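For reference, the structure is listed below as structure tokens.
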Amino acid sequence: MVRSTLCLAAFIFAMDAEAAPWGQAEEAAFVRAALNRTEVEGLQGWRTDLYTEYGLTDRWTVTAKYERVTFDDFAEFEASGWRTTLRRSFALSEAWVVSAEAGVLEGEAIGGASGCQSTGGEARAGLAHSFSRKTKKVQRYGFWFAEAAVRAHSDGCQRYRLEAGYGREIARNIWLVHQFWLDQGSENARSLKHQFEYVLRRGAYDVSAGSLVELGGEFEEVGLFVSLAHRF
């Protein structure tokens, strides 16, 4: 049962966090597409991203992401970016896992506003725990995680990030997931972000919808999003 909890949490959260200590099983994969209607200081726009993971082995997982931001009638503010990493997961027990991850990235949509256009590198480490609870004869599942990451671009842009998340099954096949990000670094990097979403699991598919709020040093962003993910 605990092993099932770990696998379930890994699948749910990896799709939504797009980074987490859990890895994919050997030759297992999933893809996720998300669309976010966003507003930044009165400017209306769209944020789209594609994300995938593939298990090279039970311990090694490769990830890739492409993200693009566009604004209505303000093409000069458009941005895009990509990232690819290799993650090594270490199971401390059937419910606890730690990870180390590193890769390359490029673009402001990935690295952040105010710079970060150039190619750079990312390194991160994380800790995660999955659990189950029985209430009124119903077994419910949950998880939490925390990660620390650093990003450095060749143009001098740097980012330091703390990430945390918590998710729980609130009804059969329905999850409520909260995520938090705290950024520091060069070029107006300070920001606090919170995202929550409801996730519906239907077989190998997940459909989710939620909201995102980011409070930056000189900007605020709010958005509503939907996403669709599939496990292979």
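The values are calculated or read from the model by the stated rules, or taken from the named source; none is laboratory data. This one's a predicted model, so the numbers in the text were calculated from it and none came from an experiment. As a convention, Cβ positions derive from the backbone with ideal geometry for all residues, glycine included, and neighbour counts pool all protein chains shown. With ligands, DNA and RNA removed, areas are computed over all heavy atoms of the protein, side chains included. Shrake-Rupley method; radii C 1.70, N 1.55, O 1.52, S 1.80 Å.
Measuring from label point to label point, each 7 Å out along Cα→Cβ, what is the residue 176 to residue 75 span in nm?
It works out to 4.4 nm between the two label points.
Just need the relative contact order of the range 43-183 here, percent rounded to a whole number, with Cα pairs under 8 Å and 6+ apart.
It rounds to 14 percent for the range 43-183.
Tally up the carbon and sulfur contribution to the accessible surface of the range 28-231 as a whole percent, 1.4 Å probe, everything protein left in place. Walk me through the numbers on the way to the answer.
Numbers: 6080 of 10150 Å².
Percent of accessible area from carbon and sulfur atoms in the range 28-231: 60.
Between beta-carbons, use under 10 Å as the cut-off and find the net charge around residue 47, counting Lys and Arg +1, Asp and Glu -1.
Numbers: positive: 37, 68; negative: 49, 67, 221.
Net charge in that neighbourhood comes out at -1.
Heavy-atom accessible area of residue 168 with all protein chains present, probe 1.4 Å, nearest 10 Å²?
100 Å²
For helix 2-17, what angle does its Cα long axis make with the longest principal axis of the chain, in degrees from 0 to 90 and rounded to 10?
The helix 2-17 is inclined about 20 degrees to the chain.
Select one label from (1) 107; (2) 140; (3) 154: the one whose number is volume of the Cα convex hull per residue in Å³ as derived from the coordinates shown.
Only one listed value fits the structure, namely (1).
How much area per residue is accessible in the chain when the probe is 1.4 Å and only protein heavy atoms are counted (Å²)?
49 Å²
Between the range 16-69 and the range 129-185, what is the separation of their alpha carbon centroids in Å?
14 Å
Roll a 1.4 Å probe over the protein heavy atoms and report the accessible area of residue 205 in Å², nearest 10.
110 Å²
For residue 150, what charge total do you get from the other residues with a beta carbon under 13 Å from its beta carbon, if Lys and Arg give +1 and Asp and Glu give -1?
Computed value for this residue: -1.
Placing +1 at every Lys and Arg Cβ and -1 at every Asp and Glu Cβ, with all other atoms neutral, what dipole size does the chain have around its Cα centre, in debye to the nearest 20?
1620 debye
Could you sort 129, 194 by their accessible area in this structure, using a 1.4 Å probe and putting the largest first?
Highest to lowest solvent-accessible surface, that is 194, 129.
Grab the other residues whose beta carbon is less than 11 angstrom from that of residue 24, score K and R as +1, D and E as -1, and report the net.
-1
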